[in-house]
Amino acid sequence: MLWRGQLDFLYAFQNEKKIFSAADHRFKQTVVFAAKGGNTTLFRTRLRMGVGDSPNAHEIPADILRNDHRAMEFTTDELRTISPKTLSVVELGNRRDLDIFRTIYLNSFRIGKGMDGWKIDYAQEVNMTSDSKQFPPLDKWELRDFKPDLFGRWVGPDGAIALPLYQGRVIHHFDFWAGRYLHGAGRNVRWADNPQDEKLVRPQYLMSALDFRRHVVDQSRLRVAMRDVARSTDTRTLIAAAVPAFPCNHKVPILSISDSSVQKTVCLAALLSSLLFDFVVRVRLGGTSLVWSMLAECPLPLIQLERKSEIRLVHNSTCLTLLHRHFAPEWMKLKELYPELADREWKHWWAVTEADRLRLRVEIDALSADLYGLEPDDFDWIVRDDPKDPKGFYRVDRQLPFRERLTGLAAAAFRALKDGKWSADSAANLSNDEFFEIVGIPEMTTGPDPLIKKREGCHRWKPEEFGKDDPRYGWTWDHCWQDAVALLGSEEAVRRYVEQMEEKPTEKEAPTNYDGRTDLFGQPLPPKQGKLFQ
């Protein structure tokens, strides 16, 4: 239609007001005005979706015939930029969203297209139906006397290893194992939350490690897993985390970096978990499945892992997610890349307490907004507390006042970042108290009754106090090395893993003339990299 005809106006609405009584209220109705011949360079759209904006019957004629001021204009060039393969019209309800979308895409590359050093592969691994014989339920393994080890695996009497199978319930933002399996199956299955300070890897199903290695192509130790089932009207839509190389069922597809870079993997997980990326996904998602054709056209900022903000994303995502002894080899690799890690013991970097986790997530959302080229007013609009917006983020931390929510704190932090009150570089030297004071809510972590106590979770983390009989025992870098050796089989294997490097960073500042906006189709300038941990 675009190239062989003239598209004038596309009007669509959701049937919430039951204008068509025989159709479900969730169904979308579309009216298209087009003519044969010629080609389209510009067209208008008006999309009225959700409970808050769906029209009554008497409003539709006026919308179509007279309300031009409410319609948005798309050029075909913009359509190619936003949806180069599918030429999909995204469901944007107002011009403010469209302007923000344009800014985001001008500062980004497409996940499916990639850029230098950022080839991202998508895969589904284990089918829950056709492959079911390969992953018996946990109780059958336990009857064969398989028992859990300290690294999340199950080991049999003869030394055979079985690996946990990932299901959607298991992962959450910056959480590689968010749910412990209790008992049951199907609709009667029961799970429990898995606290950050006591990660117990307990799955519903296990798969032989030998079968898994024969089954999968990607053999990297770390990748990003995400929930396939998603809705644009849930609290959050895209839920993903960096996870170890355990098998994933087909409803937990994985994204992996072609060079298996630990840095890029945790950075990718941080960006996918940001409010800004979720904003894009919520607009683009048309069904309840995060299919690759849709994800491939979603934007990631132009990343080189050499600017301070990108390095801080790696830092925060690492500290938030790699909270288990299974990740000891990855921590040893990062310590080789960033020798300043030795300034603190291994588990003192783990972001386990609610104060640490909230602060680092707020930073990630603020830094991500900056990498995508937004201004504070744009970000305020995205995270606004508006229950009338069916795809809005008003559901996030809804039980709290807006200024205490992740959304409100991230908006305040982004404004403070743009005002020069903190930076990715200075954040490394700020305590939680100092950071929340800069954001404008010092009572979050200070005073006789800090607001952070409202949030469930760990509020004290002293790994040095765990005894030898505690599975969490071992908090120094020597313990980390010992765990890495136990996992990889020998000291030589650990050295080989650590030394097959991502390029080692320098400590110089990035040149001030780097500007991602003007380099969408070219090669970014190669600035030097600063410290990750200080």
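What is the distance in Å between the Cα centres of the range 147-204 and the range 212-278?
So the two Cα centres are separated by 17 Å.
Aspartates and glutamates near Lys113 by alpha-carbon distance under 12 Å, same-chain residues fewer than 8 away left out - which ones?
Straight-distance partners of Lys113: Asp121, Glu297.
Could you give me D for the chain, from Stokes-Einstein at 37 °C and 0.692 mPa s, where the hydrodynamic radius is the Kirkwood radius over C-alpha pairs? Units µm² s⁻¹, please.
132
Just the accessible area for Thr103, please: 1.4 Å probe, Å², rounded to the nearest 10?
40
Quote the accessible area belonging to Val32 in square angstrom, nearest 10, computed with a 1.4 Å probe and with ligands, DNA and RNA left uncounted.
Rounded to the nearest 10, the figure is 70 Å².
Give the shape of the range 353-462 as rounded, prolate or oblate, defined through the alpha-carbon gyration tensor: a ≥ b ≥ c are the square roots of its eigenvalues, a/c under 1.5 means rounded, and otherwise the shape is prolate if a/b is larger than b/c and oblate if not.
Cα axes put the range 353-462 in the oblate bin.
Calculate what fraction, in whole %, of the accessible area of the range 365-496 sits on carbon and sulfur atoms when a 1.4 Å probe is rolled over the protein chains.
Roughly 46 percent, rounded to a whole number.
Could you do me a favour and compute the accessible area per residue for the chain, 1.4 Å probe, result in Å²?
44
So which lysines pass the test for Lys333, namely a Cα distance under 23 Å, with those fewer than 8 places away in the same chain ruled out?
Lys119, Lys199, Lys264, Lys308, Lys347, Lys504, Lys508, Lys528, Lys531
Ignoring everything but the protein chains, give the 1.4 Å probe accessible area of His25 in square angstrom, nearest 10.
Ignoring ligands and nucleic acids, His25 comes out at about 70 Å².
Return the lysines within reach of Lys388: Cα separation strictly under 26 angstrom, same-chain partners fewer than 8 residues apart disregarded; answer none if there are no such residues.
Lys17, Lys18, Lys28
Tell me what the chain gives for mean residue ellipticity at 222 nm when only DSSP H runs of n ≥ 4 count, each as -39,500 (n - 2.57), the sum divided by the residue total, rounded to 500 deg cm²/dmol.
-8500 deg cm²/dmol
Could you estimate the translational diffusion coefficient of the range 69-204 from the Stokes-Einstein equation, with Rh from the Kirkwood formula over C-alpha pairs, at 25 °C and 0.890 mPa s, in whole µm²/s?
126
Any idea what the alpha-carbon Rg over 2.2 N^0.38 Å comes to for the range 172-304?
Relative to the rule-of-thumb radius for its length, the range 172-304 sits at 1.10.
Over the range 58-201, what percent of the accessible surface lies on carbon and sulfur atoms, probe 1.4 Å?
50
The values are calculated or read from the model by the stated rules, or taken from the named source; none is laboratory data. Please read all numbers here as calculations on a predicted model, not as lab measurements. Areas reflect the complete protein model, heavy atoms only, side chains present, ligands, DNA and RNA absent. Shrake-Rupley method; radii C 1.70, N 1.55, O 1.52, S 1.80 Å.
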